[in-house]
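> The following block contains the structure, expressed as structure tokens.
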Amino acid sequence: MNNILQEYLQIPVFTRGYTTACLLTTLAVQLDIVSPFQLYFHPTLIFKNLQLWRLITNFCFFGTFGFNFFFNMVFNYRYCRMLEENSFRGRTSDFALMFIFGGCFMTLAGLFVNMVFLSQAFTIMIVYVWSRRNPFIRMNFFGLLTFQAPYLPWVLMAFSFLLGNVIIVDAMGIAAGHVYYFLEDVFPRQRNGFRVLRTPQFLKTLFDAPPGQQDPNYQPLPEEERPGGFNWGL
């Protein structure tokens, strides 16, 4: 039991928190503790009836236990962890800002698109940001396709289309990821560019450890478990 707890605590804080929230939400639905109708994104219920929890819960439900849930959770966990351990290492507050930006972007888009759960789109956003920051990693999808990491979100969207899913979900995630990537990684490096997304001080105070301090339970994901060259693009 202690080993399981130790392994759990080694997961970076945001990845740990988000994946745990998704698992607990799905478990609560599976056990009929709550209904999906209490969780989904509905602007009228949110802004008129003040059911504000829906702004969060609609990002935490991938459907009941099954292939779709497993597929999304694996991608969510692995790429969220990879981002937090690499691009955002020591910058948890910036990672929090990315979550907030993505959530706000998709919530605004959700006002104009008929979508009840935004969790899959959020996962695609995470995958997109990771893929653009790791452009030279080669991926292998189901042993059928080999491609560079930046193509991964598009491969996932094509796969979703072949499964008969509505690709607007993936398109929204790609759009959110691209806007974030442009504002954070591209525009500041342009002539006369500047950083648009500035992390508020309260997020830095809340999430960033003081210099020289590190979570004693933290251990990075082993090199052999990191994405690149694995089936499924994992």
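The values are calculated or read from the model by the stated rules, or taken from the named source; none is laboratory data. Just so it is clear, the structure is predicted and the values come from calculations on it, not from any experiment. Every residue, glycine as well, gets a Cβ built from its backbone with ideal geometry; the counts of neighbours run over all protein chains shown.
> Would you say ILE124 is of a type outside the set (Ser, Thr, Tyr), surrounded by fewer than 21 Cβ atoms within 10 Å (Cβ to Cβ) and in contact (Cβ under 8 Å) with a residue 40 or more places away in the chain?
no
> What pairs come up if the first residue lies in segment 189-203 and is at negative phi, the second is modelled with pLDDT of 90 or more and among the aliphatic types (A, V, I, L, M), and their beta carbons are under 7 Å apart, counting only those six or more places apart or on different chains?
Filtered contacts from segment 189-203: VAL196/LEU183; LEU197/LEU97; LEU197/LEU183; THR199/LEU97; LEU203/ALA96; LEU203/LEU97.
> Exactly one condition in (1) assigned to a helix (DSSP H, G or I); (2) more than 19 Å from ALA171 (Cβ to Cβ) is false for PHE75; which is it?
Evaluating PHE75 over (1) assigned to a helix (DSSP H, G or I); (2) more than 19 Å from ALA171 (Cβ to Cβ) leaves (2) as the failure.
> Hey, another quick one. Select from segment 48-80 the residues that are among the basic types (Lys, Arg) and surrounded by 12 or more Cβ atoms within 10 Å (Cβ to Cβ) and list them in ascending order.
Result: ARG54, ARG78.
> Can you pull out every residue in segment 146-166 that is surrounded by fewer than 14 Cβ atoms within 10 Å (Cβ to Cβ) and not small (Gly, Ala, Ser)?
Residues satisfying the conditions are THR146, GLN148, PHE161, LEU162, LEU163, VAL166.
> Here's a follow-up. Could you check segment 167-199 and list, in sequence order, the residues that are assigned to a loop (DSSP other than H, G, I, E, B) and either out of contact with any helix residue (DSSP H, G or I) (no Cβ under 8 Å at 6 or more places or on another chain) or surrounded by 18 or more Cβ atoms within 10 Å (Cβ to Cβ) (or both)?
Filtering segment 167-199 for residues assigned to a loop (DSSP other than H, G, I, E, B) gives 167, 190-199.
Hits for segment 167-199 are GLN190, ARG191, ASN192, ARG198, THR199.
> Within segment 5-21, is there a residue that is within 12 Å of PHE62 (Cα to Cα), assigned to a helix (DSSP H, G or I) and in contact with a Phe, Trp or Tyr (Cβ under 9 Å, 6 or more places away or on another chain)?
Checking segment 5-21: at least one residue is within 12 Å of PHE62 (Cα to Cα), assigned to a helix (DSSP H, G or I) and in contact with a Phe, Trp or Tyr (Cβ under 9 Å, 6 or more places away or on another chain).
> Follow-up. Can PHE101 be described as modelled with pLDDT of 95 or more, within 27 Å of LEU156 (Cα to Cα) and not charged (D, E, K, R)?
So PHE101 passes the test.
> Tell me which residues, restricted to segment 1-24, are of a type in the set (A, V, I, L, M, F, W, C) and surrounded by 11 or more Cβ atoms within 10 Å (Cβ to Cβ).
Answer for segment 1-24, where residues must be of a type in the set (A, V, I, L, M, F, W, C) and surrounded by 11 or more Cβ atoms within 10 Å (Cβ to Cβ): LEU9, ILE11, VAL13, PHE14, ALA21, CYS22, LEU23, LEU24.
> Restricted to segment 128-144, and to residues that are among the hydrophobic types (A, V, I, L, M, F, W, C) and not in a helix (DSSP H, G or I), which residue is farthest from LEU156 (Cα to Cα)?
This residue is PHE136.
> Taking the stated definitions as given, is ARG138 touching a Leu at 6+ places or on another chain (Cβ under 8 Å) and of a type in the set (Lys, Arg)? It would help to see each step written out before you state the result.
Values: touching a Leu at 6+ places or on another chain (Cβ under 8 Å): no; of a type in the set (Lys, Arg): yes.
Considered against the rule, which asks whether it is touching a Leu at 6+ places or on another chain (Cβ under 8 Å) and of a type in the set (Lys, Arg), ARG138 comes out as no.
> Let me ask something else about it. Looking for whichever is part of a helix (DSSP H, G or I), surrounded by 14 or more Cβ atoms within 10 Å (Cβ to Cβ) and without any contact (Cβ under 8 Å) to a residue 12 or more places away in the chain here; the options are LEU45, LEU83, LEU27. Which one fits? Quick ask: steps written out before the conclusion?
On the way: LEU83 fails: without any contact (Cβ under 8 Å) to a residue 12 or more places away in the chain; LEU27 fails: surrounded by 14 or more Cβ atoms within 10 Å (Cβ to Cβ).
Testing whether each residue is part of a helix (DSSP H, G or I), surrounded by 14 or more Cβ atoms within 10 Å (Cβ to Cβ) and without any contact (Cβ under 8 Å) to a residue 12 or more places away in the chain leaves just LEU45.
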